[in-house]
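K.L.:
Let me give you the structure first, and then I'll get to my questions.
The numbers here are math on the coordinates, done by the rules we state, and not lab data. Because the structure is predicted, anything quoted here is derived from the model rather than measured. Using ideal geometry, Cβ is built from the backbone for each residue, glycine included, and neighbour counts are taken over all protein chains shown.
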Amino acid sequence: MKRSLYLLFFFSLFLFNGCNSPKSLYKKGTKMEAAKLNEEAASYYYQAVVKKPEYVEAREALYRSGGQVLLDKVSIFFNESQAGNKKEAIAAYHDAKKFKEKLAGVKVNINIPAQYTQDYNELKKTYLLELYDMGLAFLDEENYESAEEMFNEIARLEPNYKDTEKLKDIAYVEPFYIKGKLSLEENKFRSSYNAFLEVLSTDDNYKDAKELQQMALEQGLVSVGMISFDNATPYNNVQKKAEAYTLDALNQSKDPFLRVIDRTNYQQLLDEQRINLSGAVDESTAAEAGNLLGVKWLLGGTLLDMSKKTGTVSKKRKEGYKSYRIKLKNEEGDDYYETRYKLVHYYEFWQQNVVSVSVQMKLISLTTGELASSKILTTEINDNVHYYIYDGDSKKLYPSKDGKVVTSNSARKNMGQLLKGRQKVKSVETLSNDAFIDVSKKIKSEVEKFSYYYVK
């Protein structure tokens, strides 16, 4: 059955190659040419020449039919030009030129008559000037989308035409510049900043975009002073880690409007101003503290709970089989080897350590004295190990099931991975750091959400 399928496949492949041989393609081309279908004929001749460059008859036929196709294409250019359709005429000439270059790629050289090339250059010159004038008019009308369309068309036809590149950029960036100014007037500082960012990414010296973007950033800035965290857990000084990781996470924020300043050493000042995160604060007191601290918001938190669980190492004796070979003799007296299996024992171990942390973060306004945001954030980090130990040659060890040896590749692969498995679980101290890193990222996320909500 398989042999028949192989024969059928190779026979089909032979027929396919035969139907697409240079000679077969040439014959198809002659039929198309006889029917005056020159473009189809040229396509077949072209394929024949690509497959067999030295095929003289196909090259001559391609020159003959290709010449007629090229003449038809430049005729379309002439007719569109006479009809005053400059864009369509230029596209037709480009189509003819592309066809000419395709044939030149197989060394069949046919030239476009010089008169057509001269007419094309004159037409393009006039068309470019029309587009340029239209683009300028659209700019004057503040129709930037249409202006950009005109200048893009010019750049496509002649990239270095006059100051098209500069005007194209103006047509693109001016709407963003206008949006940036309007957003700034409407106190939509983030929208303004992003609009100017688009302007400056194209032209970093466009008008006063740089100065206006900086103004939007300064007026919309969310300046946050991070103060000391409280600790409600039985673990001493763990809040210091929470503070350090939170400050580090916030300093890595990509939000340009978020600026976080360490104010954990200002607790005495806060106490004197009666500022805490338990609830609303008198507005005048908050404003005074804000001026002293140089921030608009205070961020603090309470470490509500922390759990560290060091798991015990569990151990289990397991049955397996060790392979070995013995030499035997067959009926003819020749030696041969047979693999047999012997019952052995190995040990399975597993352990898990777990750390959980719960933090309440609070953000208070030093403009109004109100509690702006309060969230309880929790995280749990665990690590576990699971491995086998065997005191013999692990390469000869096989698992067992129902008292029988298991020799399947998947079972052996799984056993091999456990024999090489990591045996040391991460300590609760390491997991504690990981937990603080994770919860600090959650605090960062909440502060960024607030920033995006506060600065539109």
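K.L.:
Can you give the Kirkwood hydrodynamic radius for segment 320-364, in Å, rounded to one decimal and based on Cα pairs? Let's see the in-between values first.
P.N.:
Working: mean 1/r = 0.0597 Å⁻¹.
Its Kirkwood hydrodynamic radius stands at 16.7 Å.
K.L.:
Same structure again: Distance check, please: which entries in 322/413; 375/441; 240/424 exceed 18 angstrom between their Cα atoms?
P.N.:
Details: 322/413 15 Å; 375/441 13 Å; 240/424 28 Å.
Too far apart for the 18 Å limit: 240/424.
K.L.:
Please enumerate, by chain and number, the lysines with C-alpha under 18 Å from the C-alpha of residue 125, excluding those fewer than 8 residues away in the same chain.
P.N.:
Within the straight-line limit of under 18 Å, residue 125 reaches these lysines: 86, 87, 97, 162.
K.L.:
Also, I was wondering about something else. Apply the a/c threshold of 1.5 to the C-alpha gyration tensor of segment 193-233 and tell me whether it is rounded, prolate or oblate. If you can, show how the numbers build up before the last one.
P.N.:
Numbers: a/c = 5.94, a/b = 3.58, b/c = 1.66.
Prolate, because a/c is 1.5 or more and a/b exceeds b/c.
K.L.:
Over the alpha-carbon set of the chain, divide Rg by the Kirkwood Rh and report the Rg/Rh ratio to two decimals. Don't skip to the answer; put the middle values down first.
P.N.:
Values: Rg = 39.9 Å, Rh = 32.2 Å.
Ratio of gyration radius to Kirkwood radius: 1.24.
K.L.:
Once the Cβ-Cβ distance between residue 314 and residue 338 is put in as r, and R0 is 41 Å, what FRET efficiency do you end up with, to the nearest 0.05? List each step's numbers first, then the result.
P.N.:
Working: r = 38 Å, r/R0 = 0.93.
That pair, residue 314 with residue 338, gives E of 0.60.
K.L.:
With a 10 Å Cβ neighbour count serving as the proxy for reagent exposure, in which order, fewest first, do 122, 243 appear? The partial results should precede the final answer.
P.N.:
Working: 122 11, 243 21.
Ordered from fewest to most neighbouring Cβ atoms within 10 Å, 122, 243 come out as 122, 243.
K.L.:
A further question follows. What base-10 log of the normalised intensity I(q)/I(0) is obtained for segment 73-121 from the Debye formula, alpha carbons as equal point scatterers, at q = 0.17, 0.22, 0.25, 0.29 Å⁻¹?
P.N.:
Ignoring solvent entirely, the Cα scatterers give -0.46, -0.71, -0.86, -1.05.
K.L.:
Next question. As I understand it, the dipole of the chain uses +1 on the Cβ of Lys and Arg and -1 on the Cβ of Asp and Glu, about the Cα centre. Which of 433, 385, 114 lies farthest toward its positive end?
P.N.:
Comparing the listed Cα positions along the dipole, 385 ranks first.
K.L.:
So, with +1 on the Cβ of K and R and -1 on the Cβ of D and E, and no other charges, what is the size of the charge dipole of the chain about its Cα centre, to the nearest 20 debye?
P.N.:
Numbers: 67 positive and 64 negative charges, 802 e Å.
The calculated dipole for the chain is roughly 3860 debye.
K.L.:
Here is a follow-up. Could you please state, rounded to a whole Å, how far the C-alpha centre of segment 335-392 is from the C-alpha centre of segment 117-165?
P.N.:
Comparing the Cα centres of segment 335-392 and segment 117-165, I get a distance of 64 Å.
K.L.:
Turning to a different aspect of this structure: Grab the DSSP H runs of the chain that are 4 residues or longer, score each as -39,500 (n - 2.57), total them, divide by all residues and round the 222 nm result to the nearest 500 deg cm²/dmol.
P.N.:
That calculation yields -18000 deg cm²/dmol at 222 nm.
K.L.:
Let me know the shape class of segment 143-220, please: from the alpha-carbon gyration tensor, a ≥ b ≥ c as square roots of the eigenvalues, rounded when a/c is under 1.5, otherwise prolate if a/b is greater than b/c, or oblate.
P.N.:
Values: a/c = 3.81, a/b = 2.41, b/c = 1.58.
Because a/c hits 1.5 or more and a/b exceeds b/c, segment 143-220 counts as prolate.
K.L.:
What FRET efficiency comes out for the pair residue 331/residue 305, r = Cβ-Cβ distance, R0 = 51 Å, nearest 0.05?
P.N.:
Working: r = 77 Å, r/R0 = 1.51.
The formula returns an efficiency of 0.10 here.
K.L.:
Please give the peptides 87-99, 437-449, 419-431 ranked by average Cβ packing (other Cβ atoms within 10 Å per residue), highest first, as a rough proxy for protection. The partial results should precede the final answer.
P.N.:
Details: 87-99: 17.6, 437-449: 19.4, 419-431: 14.6.
Highest to lowest by the protection proxy: 437-449, 87-99, 419-431.
K.L.:
If you bin the C-alpha pair distances of segment 311-449 every 10 Å from 0, what whole percents do you get?
P.N.:
P(r) over segment 311-449, rounded to whole percents: 10, 24, 18, 15, 12, 9, 6, 3, 1, 1, 0.
K.L.:
Could you check the spin-label model distance between residue 368 and residue 433? Points 7 Å from the Cα along Cα→Cβ, value in nm.
P.N.:
Spacing of the two 7 Å Cα→Cβ label points: 4.1 nm.
K.L.:
Using 0.36 nm per residue of separation minus the Cα-Cα distance, give me the extension gain between residue 109 and residue 160 in nm, one decimal. Don't skip to the end; give the middle numbers.
P.N.:
On the way: separation 51, 0.36 × 51 = 18.36 nm, distance 2.96 nm.
Between residue 109 and residue 160, full extension yields 15.4 nm more.
K.L.:
In whole Hz, with x marking every Gly and Pro, tabulate ³J(HN,Hα) for segment 318-329 from phi via Karplus 6.51 cos²θ - 1.76 cosθ + 1.60, θ = phi - 60°.
P.N.:
Couplings: 10, 8, x, 10, 9, 7, 8, 10, 10, 9, 10, 10 Hz.
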